[in-house]
1. For A:Lys139, which of the numbered conditions (1) among the basic types (Lys, Arg); (2) within 25 Å of A:Ile190 (Cβ to Cβ); (3) touching a helix residue (DSSP H, G or I) at 6+ places or on another chain (Cβ under 9 Å) fails to hold?
2. Does the stretch A:10-26 contain any residue that is surrounded by fewer than 19 Cβ atoms within 10 Å (Cβ to Cβ), under 16 Å from A:Ser76 (Cα atoms) and not hydrophobic (A, V, I, L, M, F, W, C)?
3. Which strands (runs of 3 or more DSSP E) sit wholly inside the stretch A:115-215 and have at least 1 residues that are more than 17 Å from the chain's Cα centre (by Cα) and of a type in the set (Lys, Arg)?
4. Would you confirm whether any residue within the stretch A:213-226 is more than 13 Å from chain B (Cβ to nearest Cβ), aromatic (Phe, Trp, Tyr) and buried (at least 16 other Cβ atoms within 10 Å of the Cβ)?
5. When you scan the stretch A:320-340, how many residues do you find that are within 21 Å of the chain's Cα centre (by Cα) and surrounded by fewer than 20 Cβ atoms within 10 Å (Cβ to Cβ)?
6. If a residue must be closer than 16 Å to A:Tyr119 by Cα, within 7 Å of chain B (Cβ to nearest Cβ) and among the hydroxyl-bearing types (Ser, Thr, Tyr), how many such residues does the stretch A:240-260 contain?
7. Among residues belonging to the stretch A:166-183 that are over 16 Å from A:Gly285 (Cβ atoms) and not hydrophobic (A, V, I, L, M, F, W, C), point out the one that is surrounded by the fewest Cβ atoms within 10 Å (Cβ to Cβ).
8. Can you pull out the strands (runs of 3 or more DSSP E) entirely within the stretch A:232-329 that have at least 3 residues that are modelled with pLDDT of 95 or more and over 30 Å from A:Asn126 (Cβ atoms)?
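The values are calculated or read from the model by the stated rules, or taken from the named source; none is laboratory data. From a predicted model like this one, the values you see are computed outputs, not experimental measurements. Here the Cβ positions follow ideal geometry from the backbone for every residue, glycine too, while neighbour counts run over all protein chains shown.
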Amino acid sequence: MKQSVIIIGGGIAGMEAAASLARMGIEVTIVEKENALGGHLLQWDRLFPDRKRSDEVLEYLKKEMDSSISVETGCSVKEISRENGNFRIILDNEKILNGNALLLATGYDLFNARKKEEYGYGIYENVITSAELEGFLRKNPQPGLMKGFQVKRIGIIHCVGSRDEKVGNLYCSKLCCITAVKQAIEIREILPDVEVFCFYMDLRMFDRHFEEMYYEAQKKWGVHFIRGRLSEADENPDHTLILKVEDTLTGLPLKMTVDALILMVGMTPSAGTKKLADMAGALSGEDGFLMPSDEHLQPNETTVPGLFLTGAVKGPVSVGNTLADARAAALKIYEYFSRMAG
Amino acid sequence: MKDFGYTINPDRQINYDQNSKEPVYWLETMEPSVNICISCGGCTATCSARQFTDFNIRKVHTLMMRGETHSLKKEIKKCMLCGKCQTVCPRGVNLRNLILSIHKILEFNNL
């Protein structure tokens, strides 16, 4: 009999895992709460570090997906139960799905920047998030970012919702640094006369080509970096913003007016993940992301046989690494089935 | 009038809006490598002048980039142009030309 897997989450992790599993002859059903597959990638314009269009990645993933994969969009999981090692899932439209294994790929949510009230997101007109900038760039390569006046200077704030006990997130979202560098370059490309300042605590250029992109941002694009965390932003009557930081490398407080502020929002566990994890028996870490049974040796397995994890449900991860992790998860599910059969 | 000895301390804050952008413009033109500094402090750690004075070439660079030029004329005089900083810089910033350029810019603009 054909083995079957239910994948909860139709972002890139779910899509890639589904494609791999289907190629191994396994029956796959994806459950996605939104009306389309693709997750956060749908709102991204271009990816670091090579500036590949995210649409290109999405098209590739869609093309890869076999017609045998069934997809349930626009519905959420109401109930998960486990009987004789199999999973039974009831959706909110009362549909029942049965699977021999379950893969959680519910990803992440972007940090709600309103929680950092002192930065003025949702209060001041010209404070936007990194995701919103991607949206502008996606819609229009010549974004009319600001209304009514000439833009001269833009500030980019790193670590919004990351490394911050005040908002309950001690962890580093790790991808915002390189996103800031990428977006700073893109702003300089489109608006060459605009000064761009990145305000950072540390620059964590952890992956291949990231440091080189930072170097390029400095050397070719003249992006400025100031080490210091934004303490507060105030709005002027003309909707420009006054930033107050410590320039920690000179040891002096610094005041600067910018025309717009872009907040590099971090990644948080997605809203539904906790409930799903509790129903399925997966464990969460202190940061709220789910825990595999061993972060080195069993990164896709859990303590529940037949329950697997992939992608950003386990913590912040880039697109490329998500896809690699999804393929690994598919292989581990295949091996699990082989063991059960053998 | 009775003098109570109260004074107002001068503002120590870097006011980037008020600072002239001219010095940075000229510095970037005369020595483009100033933009690739990562503030690692290697230059300052090896600096001969640093051993005997409070000269901090890493900080001089940062202050110059912020347009904070008021103390720099006095500061850069402490440099002996030995060039050790340049040999340790991981980004290849031309630090001797940085000092010479700052000197010229400050002289020319009478800062």
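1. Here A:Lys139 clears every test but (3).
2. Quick first cut of the stretch A:10-26, residues surrounded by fewer than 19 Cβ atoms within 10 Å (Cβ to Cβ) only: A:23-25.
If we keep only those that are under 16 Å from A:Ser76 (Cα atoms) as well, we get none.
No; the residues of the stretch A:10-26 include none that is surrounded by fewer than 19 Cβ atoms within 10 Å (Cβ to Cβ), under 16 Å from A:Ser76 (Cα atoms) and not hydrophobic (A, V, I, L, M, F, W, C).
3. Values: elements: A:127-129, A:153-160, A:195-200.
Where strands (runs of 3 or more DSSP E) fall fully within the stretch A:115-215 and carry at least 1 residues being more than 17 Å from the chain's Cα centre (by Cα) and of a type in the set (Lys, Arg), they are A:153-160.
4. no
5. 5
6. 1
7. So the first thing to find is which residues in the stretch A:166-183 are over 16 Å from A:Gly285 (Cβ atoms), and the list is A:166-167, A:175-183.
Within this subset, residues satisfying the condition of being not hydrophobic (A, V, I, L, M, F, W, C) are A:166, A:179, A:182-183.
Numbers: A:Lys166: 9, A:Thr179: 23, A:Lys182: 23, A:Gln183: 26.
Among them, the one singled out is A:Lys166.
8. On the way: elements: A:232-235, A:241-247, A:252-258, A:260-265, A:267-269, A:307-309.
Because the criterion is at least 3 residues that are modelled with pLDDT of 95 or more and over 30 Å from A:Asn126 (Cβ atoms), the strands (runs of 3 or more DSSP E) in the stretch A:232-329 that meet it are A:307-309.
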